[in-house]
Number of protein chains: 2
Amino acid sequence: MDRPTHPAPSDASAAEGPGDRLGPRVGRRGFLTAGLTGAGVVAGAVAGGGVAYAVTSDGQADPADETVPFYGDHQAGIVTPQQNSLVFAAFDATDTATAESLQVTLARWAAAASLLTVGKPIGPVETRAGAPPADTGEAFDLGVYRLTVTVGFGASMFDDRFGLKGKLPAALQPLGQLAVDTSIDPSISGGDLCVQACAEDPQVAFHAVRNLARIGRGTVAIRWLQQGFGRASATSTSQVTPRNLMGFKDGTDNIKAEDPGVADAQVWVGDETDQSWMTGGSYLVTRKIRMHLEAWDSDDISDQERIFARHKDSGAPLSGGTEFTKLDFHKRGDTGATAIDRRSHVRLAHPDNNGGAQILRRGYNYTDGMDNRTGTLAAGLFFMAYQKNAHTQFARIQNSLAEDGLNEYITPISSSLFAVPPGLNQIGDWYGKEMFGYPG
Amino acid sequence: MDRPTHPAPSDASAAEGPGDRLGPRVGRRGFLTAGLTGAGVVAGAVAGGGVAYAVTSDGQADPADETVPFYGDHQAGIVTPQQNSLVFAAFDATDTATAESLQVTLARWAAAASLLTVGKPIGPVETRAGAPPADTGEAFDLGVYRLTVTVGFGASMFDDRFGLKGKLPAALQPLGQLAVDTSIDPSISGGDLCVQACAEDPQVAFHAVRNLARIGRGTVAIRWLQQGFGRASATSTSQVTPRNLMGFKDGTDNIKAEDPGVADAQVWVGDETDQSWMTGGSYLVTRKIRMHLEAWDSDDISDQERIFARHKDSGAPLSGGTEFTKLDFHKRGDTGATAIDRRSHVRLAHPDNNGGAQILRRGYNYTDGMDNRTGTLAAGLFFMAYQKNAHTQFARIQNSLAEDGLNEYITPISSSLFAVPPGLNQIGDWYGKEMFGYPG
């Protein structure tokens, strides 16, 4: 992916007090000035939060000091090599939110994200007496840990509250009830906005979402929040394929950042969109998929491998070869049956079975502790996938999976679709700027 | 802490099928033989799970390859420098559990822990057709990440079910309702047994607890489970003091592993015990402490610092100096009041205010997502503390904290006490062996 040269992140604080009136109509310089005269400049206030890369003597970068560029044509956190920790929050606008207060929040989120993603607090931790600290402080002397912050909008934003009725992209229409969706919990699905924070350290990711929530207080409130760990897909060829909680390698055939042709074809919204504000953006599907681990753990290895059509240890397809060998759906075993079962997960989900559709998976494992109602572990996969159009990509693939043998062992309990707008190009931009009617 | 030389961990599988009859009366060699002829030897089956330390060219050990010794006078995971991730589970014995089946489980747990803590699976992931995999596999090609597994017993184990009535230590009697305990939820408190898994990788910790739960199926079942991140205390002078979710450094004055005199005086059970099976063990208090983060974040910096009596950025006491400067409770400021408030958390919890009592804190931050009942973040501190006697140490300090200004911002929602027996000395030992009447 080509990234043009972009301005350095601002040192301005994003955590202005509720008293200031920094609206989105304030220009770039005005924004900066307001920031500088508000909670103050934070440069130099961070111990250990490095802006530059630190490279150890064996040439390996220390993840604590590694940054992912914030500005760019696309938002970071999509094709960025997947980090180990996730905190994801969906927000709803409050009853008192207006188009203007939403844009103020989205502008402050952008400013805050530009600071957090270089390892800076959003303002002083130690502030003047009588005022709450600008930054909540729990990441104060941690590094930046490749933090990315990714912001999106749900279809509900486009009702008649914020003057956005004509801006709803066709691709953001709800996916409706998919074949396997019999247990979706609305309280952990949907939302007007979403924030995905990924980092190599969970406290850094938590800190980002918490401070964005704090900035938005009065305008947006968290609807649901999910922590994830142990990434469940590789989004770069530089990454070893990780394992989901079923113990299988997950994402061997995932789209990789190193193939910009595939990303352009499958991930980034292009000229085909009916809403130009989404050009360069992507659509995010999130699904909380509860795994019935106790049942899975009792299933024999042959059945487990039949379902995934891969060997559990190596990830090699049952049709032969090693992990990255192309699947051979026609190869037959001694019994005459195909080595790869017709109902196997990999066959049903494969592009060959779905008109070439692919998705960029970016899932995380999760555990919510015990489910006392059933006496089983509340754990599984927080599935996330980015794509150009979730109706023709995710939903098509998901409907192919209706007869997947895996369905016996999993239950989707949440389902959401968000429009993730393109990246921000300069200081003073805000998420959804063009959507709200300002030049992009 | 001195550790004698101990045997290398066994290569025997700990994940025997339900059909085998490996009782605790089987001697060391018998145990090994049973393992070798059961699910098989696992040596060499691990990709990437290093047994030895890997040292990078700049002399830093890679945490993926770092191991913490399993065998020793004390269990690992207590004075071990605190790792970044926690998965903690409390278990209850099932209705069909017997003293014997419990000991089989505890022996298998010991064998499994000896393998997991050197980065090995507990048995083959790829097993014979028709049998479930011995190891669940999600940590298969991850490293060991300084994994420790620590096992304890709750007071409920010592009722009339397992012949342990005479073995209840006085120090394991329930702590009763402490001054601030008005919201304790019994469903996430207590339990017959507990397993604490700590590692530098959350998936490695999760994998350990999940596989121990699987080994125990039919005999013990998880009662509650808590995941924690971003350790909230330093247990070694080699560690930077971490921060809790209130943004303050937590554990500046914590007991450190490098001071064995303090550990002997405050952490390890000695000759004073009425139950010799606990000599060399320790008592663990766990408390899930919900923080009212939204209220805290609105509190001004002066009040926050008054409560903790430390500067938020540096951790230096308000009586002056730097983070590790001794607190001066008598020093007065310009107004004539003491610089350290009398009701401050650090003063009330200080040994000088509690007859010299100290505890080894080993807490983790947590988030459970949103609390939809109150529209606030379900997050806070999963407090853990080890000590010689929780009645004279934790409970004494906690009762001193009844007037702590911090109480306005926190609510304990779980409380548990576990007896953590001493370490295992050799292959074939099991947790609680002496407690069950066998020579230690």
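Please turn the phi angles of segment A:400-414 into ³J(HN,Hα) values with the Karplus equation 6.51 cos²θ - 1.76 cosθ + 1.60 (θ = phi - 60°), one per residue in order, whole Hz, x for glycine and proline.
With the stated coefficients, segment A:400-414 comes to 5, 7, 4, 9, 4, x, 5, 4, 5, 10, 9, 9, x, 10, 9 Hz.
All other residues with a Cβ under 12 Å from the Cβ of A:Asn353 taken together, and with Lys, Arg as +1 and Asp, Glu as -1, what is their net charge?
Computed value for this residue: +1.
Just counting partner chain Cβ atoms within 10 Å, what average do the residues of peptide A:201-208 show around their Cβ?
5
If you filter segment B:78-174 for trypsin sites (Lys or Arg not before Pro), then keep DSSP loop positions with at most 14 other Cβ within 10 Å, what is left?
The qualifying sites are B:Arg128.
Shape of segment B:311-404 from its Cα gyration tensor (a ≥ b ≥ c, root eigenvalues): rounded if a/c is under 1.5, otherwise prolate when a/b > b/c, or oblate?
Taking the square roots of the gyration eigenvalues as a ≥ b ≥ c, segment B:311-404 is oblate.
Using a label position 7 Å from Cα in the Cα→Cβ direction, what is the ascending list of nm distances from B:Phe324 to the same site in the other copies?
4.8
Out of the chymotrypsin sites (Phe, Trp or Tyr not before Pro) in segment B:239-341, which ones are loop residues according to DSSP with at most 14 other C-beta atoms within 10 Å?
B:Phe324
Give me the net charge for the shell around B:Ala171: Cβ to Cβ below 12 angstrom, other residues only, Lys and Arg +1, Asp and Glu -1.
Net charge around B:Ala171: -1.
Tell me the distances, shortest first, between A:Lys165 and the same position across the other copies, using label points 7 Å along Cα→Cβ, in nm to one decimal.
Relative to the other copies, A:Lys165 has label-point distances of 7.7 nm.
Separation between the A:Ala170 and B:Arg128 pseudo-spin-labels, each 7 Å from Cα along Cα→Cβ, expressed in nm?
Here the modelled spin labels are 5.9 nm apart.
May I ask for the net charge around A:Asp299, where only other residues with Cβ less than 12 Å from the Cβ of A:Asp299 are counted and Lys, Arg are +1 while Asp, Glu are -1?
-4
Quick one: go through segment B:348-375 and flag any residue whose amide nitrogen is under 14 Å from the point 7 Å out along the Cα-to-Cβ line of A:Thr94.
Label zone hits: B:375.
Rounded, prolate or oblate, given the Cα gyration tensor of segment A:78-205, with a/c below 1.5 counting as rounded?
Oblate, because a/c is 1.5 or more while a/b does not exceed b/c.
If each residue's Cβ is checked for other Cβ atoms within 10 Å, how do A:Thr374, A:Thr148 rank with the fewest at the top?
Taking fewest neighbouring Cβ atoms as first place, the list is A:Thr374, A:Thr148.
Which whole number gives the average count of other chain Cβ atoms within 10 Å of the Cβ atoms across peptide B:256-269?
Per-residue shielding by partner chains comes out at 0.
Go ahead and estimate [θ] at 222 nm for chain B from helices alone: -39,500 (n - 2.57) per DSSP H run with n ≥ 4, summed, over the residue count, rounded to 500.
-5000 deg cm²/dmol
Tell me which trypsin sites (Lys or Arg not before Pro) from segment B:301-331 have a DSSP coil assignment and no more than 16 other beta carbons within 10 Å of their own.
The qualifying sites are B:Lys326, B:Lys331.
Would you please give the residues with an amide H less than 5 Å from that of B:Ile410, counting only those at least 5 places away or on a separate chain, with H modeled from the backbone geometry?
B:His292
When A:Glu408, A:Glu66 are ordered from fewest to most other Cβ atoms inside 10 Å of their Cβ, what list results?
Ranking A:Glu408, A:Glu66 by Cβ neighbours within 10 Å, fewest first, gives A:Glu408, A:Glu66.
Under the convention of a label 7 Å out along Cα→Cβ, give the distances in nm from A:Ala131 to the same position in every other copy, shortest first.
So the distances to the same position in the other copies read 6.7 nm.
Going by C-beta contacts inside 10 Å, put B:Ser400, B:Ser414 in order with the fewest on the left.
With the sparsest Cβ surroundings first, the list reads B:Ser400, B:Ser414.
Would you give the gap between the C-alpha center of segment B:168-246 and the C-alpha center of segment A:69-125, rounded to a whole Å?
After rounding, the separation between the Cα centres reads 33 Å.
Other chains' Cβ within 10 Å of A:141-147 residues: what's the mean?
2
Quick one: what does P(r) look like for the protein assembly as shown with 20 Å bins over all Cα pairs, in whole %?
15, 47, 33, 5, 0
Coordinate-derived values only; no laboratory data. Computed from a predicted structure; not experimentally measured. Please note: Cβ atoms are built from the backbone with ideal geometry, for glycine as well, and neighbour counts cover all protein chains shown.
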